[in-house]
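First comes the structure, then the notes that go with it.
Every read-out reported here was derived from the displayed coordinates using simple, explicitly stated rules and does not represent laboratory data. In this text the structure is predicted, and so the values were computed from the model without any measurement. Neighbour counts are summed over all protein chains in view; Cβ atoms, including those assigned to glycine, are modelled from backbone coordinates with ideal geometry.
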Amino acid sequence: MPASWRKTALLIIISMMAGASLTLLVRGEAFPVATSSPDGDRAVPTDPAVQEAAPGDEHADRELDHGLIQSLLYPHNWKTLIAYSREIPSELQRTDVRRFDDPEIQLAHLVARHVGPYPSPDDVDFAFLPVPEDTFFDPRYRKALFKANVNMEILLDASGSMNEDFAPGGRESKWTIALQELETFLSRLPPNVNVALRVFGHHTGPEAEGCLSSELLLPFAPKNAGAIMQAAARVVPAGFTPLAYALNQTEGDFSGKDAADHANFVFVLTDGMETCGGDPVAEAQALKASQVEPLIHIIGLGVNATEDAALRSLAQSVDAIYARVENLTQLQEQMDEIMQWAKMWDAWRDKAKHDLWMERLTSSIVVSQFTIAWDKAEEQEVEGVNGELKRLLEGGELDRTAYDTMLSFLERRVKRVRALRDEARAALDERRLAIYDRLTKLSETKEAVIEPGHGGDRFSPGRLRNGEETPVHSGP
């Protein structure tokens, strides 16, 4: 074997053992070669900065050559096979096989001429659902991704000032109006939305006690409007306004509901600013930066100019939505915006349920098409190699013994390629079923956490690629 090939073999084997990448040097020309990582499981990028290594003794070179041929003909995993099939150096493909005496080396060069490229599971896309219409008033709702679960927590101010009239000269208090609108809102909310209610400022007593007045009356659950209203009806507004403490306690209410799987919302209905010396800005920022990542919507009920400025500053610190409402119509408009997002999510979810069977059928067809493409690549490779072997045999350039030996090696390769096809298909099918499982959960009412999958399980109406989702918002 020429010295350049012995050096080439040494470079490749050293790189395979070390998990490195290299540039193959053949007769002074550089060719990129895919190698495996140390765990033998993933092709890695090639590195053009590798220098030739000094050859060892002739016996060692023959052993290294044999190892190289084995890895080319019988790859240990499907990623290696795909990498070789896509990055075989042209020099290797053009070499005259008659210059070698070893039938297995001869076969390796013939395979190099006709191999692949084989399809990769990583190139397969699984399509899903279209983007819903965009009719939101506030752009932050357009950016709220649709996910498998939706959780809305209401932070309701029950401080003493909520007993004041909602509008000057009015007949109903802020508390009464808030409860009436809350009841209307909950009655119209899609049944699959999980809702929780936390009140704050409803206990009287010394400031040290009243400023710790924050209570989760109802934890997250779907279809709980009646229970929420019954619990709220028992509350009597009476105390301070520990808004910072209430925000501090809210993150714990979302336990197990990380943003990877859940669209989380916090709605604050309050008539004033912090009165307990806390820092609502810091607490809101901590909540926003947590794994909950909620969209915060603050509604100021009949607040004065000073209170309005404080709440507006709080909202700006966490990119929250804020509105100062001074009458029932304005309050209803704010609640309608929340409702609109929830109903569009519910329609998207129903669409997922309706089209789920079609998605499963389509994804099964995609997997079958992958298998067909793989078998076609294998068929073309085998036909090409067989054709050359017959030509060499009939032309007297290959004796019968060598021909039969090479056929046996080819049969061994075919068995290996088919085994790797089954492994690649299994990997693709596993990803398909994982995606299907996550889509199935869109059609169920979820009270528990969805187990996270590969790349995270958040859902927006977009495309899933390689087990991950391309973020597509419900508006610009």
What are the residues whose amide H is under 5 Å from the amide H of Leu218, where those residues sit 5 or more places off or on another chain and H is modelled from the backbone? Leu197
Residue-span extension gain [Ala347 to Ala427] - 0.36 nm each, minus C-alpha spacing: 25.6 nm
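How much length, in nm to one decimal, is gained on full extension between Arg188 and Glu215, taken as 0.36 nm per residue of separation minus their Cα-Cα distance?
Result for the pair: 7.2 nm of gain on full extension.
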For region 139-349, take every pair of Cα atoms, bin their distances at 10 Å starting from 0, and report each bin as a whole percent. 9, 38, 40, 13, 1
Region 284-297 - phi-based ³J(HN,Hα) in whole Hz, Karplus 6.51/-1.76/1.60, Gly and Pro as x: 5, 5, 5, 5, 5, 7, 6, 5, 6, 6, x, 7, 9, 10
Once both label points are put 7 Å beyond Cα along the C-beta direction, the Tyr403-Thr176 separation in nm becomes 10.3
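Give the calculated FRET efficiency between Asn163 and Ser313 to the nearest 0.05, with a Förster radius of 25 Å applied to their Cβ-Cβ distance.
0.45
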Could you tell me how far the Cα centroid of region 376-395 sits from the Cα centroid of region 302-338, in Å? 76
